[in-house]
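Asker: Below is a structure I'd like to ask you about.
Rule-based calculations on the coordinates, nothing more; no lab input. Everything numeric in this text was worked out from a predicted model, so none of it was measured. As a convention, Cβ positions derive from the backbone with ideal geometry for all residues, glycine included, and neighbour counts pool all protein chains shown.
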Amino acid sequence: MKLNLCIDIDGTITGAYYWLDIANRYFKTNIKPSEVKVYDIHEVLKIPREAYLKFYEMYGEEIHAQADLRQNAKEILWKLNQKHNIYYITAREKTLEEVTKGWFHRNELPQGELHLLGSHYKVNQAKELGCDIFIEDRYENAIQLALAGFEVLLMDCNYNRLPLIPGITRVYDWKEIHKVIEEYIAGSNEKSTKIA
Ligand SMILES: [Mg+2]
């Protein structure tokens, strides 16, 4: 069974707090990962949105270029890539295509189709790609996607520990993601055998 896997990048393939060091230096703050309890960085830093956007405009590329890779992400992505279609779906702007591709290349990740949406709304893209499972870290995205009927694996982060709805499974690392996908396939095979 070949699945269409839609996979978010930031906080899902990358670590969730890699922007923190540069942000702390720039804003002269000392925020720790455990204090990042909301998704929007300007709210974490308690600064106006405009101040954050100015910072992001200056340092965004550098920040993304330095992103850390989650443990086991590389190994599992290669395993998934052997059997399934991989689509990387990110809210990053199109202008970040080069830095994003460069990061994938340097980290030796499977190539997969890259979609830079410039928006957090991912439902239409998921529909277009016939998504079977969406792997994501942003709570609001997970809810939107699950409400639209998609299976979502929500990568656990300090900022997404909110009540889940049917269709969303909280996962803690890439090994668990692999296991849940294998179980999903086993479950689907069982269902189709029963129908037959
Ligand atoms: Mg993300």
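Asker: Which lysines, on any chain, are close to residue 194 with Cα under 26 Å apart, when same-chain ones fewer than 8 places away are left out?
Answerer: List returned: 2, 83, 179.
Asker: Can I ask one more? Which pairs in the list 94/191; 54/74; 127/175 are over 30 Å apart, alpha-carbon to alpha-carbon?
Answerer: 94/191; 54/74
Asker: More than 21 angstrom separation, counting every C-alpha pair in the stretch 1-116; what % is that?
Answerer: I get 41 percent for the Cα pairs in the stretch 1-116 exceeding 21 Å.
Asker: Please list the equivalent ellipsoid semi-axes of the chain, computed as the square roots of five times the alpha-carbon gyration tensor eigenvalues, in descending order and whole angstrom.
Answerer: 30, 18, 15
Asker: Just tell me the longest site-free run in the chain, where the sites are trypsin sites (Lys or Arg not before Pro) in a DSSP loop having at most 11 other beta-carbon atoms within 10 Å.
Answerer: It runs 47-196.
Asker: To the nearest 20 debye, what charge dipole does the stretch 20-65 have about its Cα centre, counting +1 at the Cβ of each Lys and Arg and -1 at the Cβ of each Asp and Glu?
Answerer: Roughly 240 debye for the stretch 20-65.
Asker: Still on this structure, I have one more. Would you mind telling me the antiparallel percentage of the DSSP bridges in the chain, rounded to 5?
Answerer: 5
Asker: Take the Cβ-Cβ distance between residue 53 and residue 128 as r, set R0 to 25 Å, and report the resulting FRET efficiency rounded to the nearest 0.05.
Answerer: So, using R0 = 25 Å, E works out to roughly 0.30.
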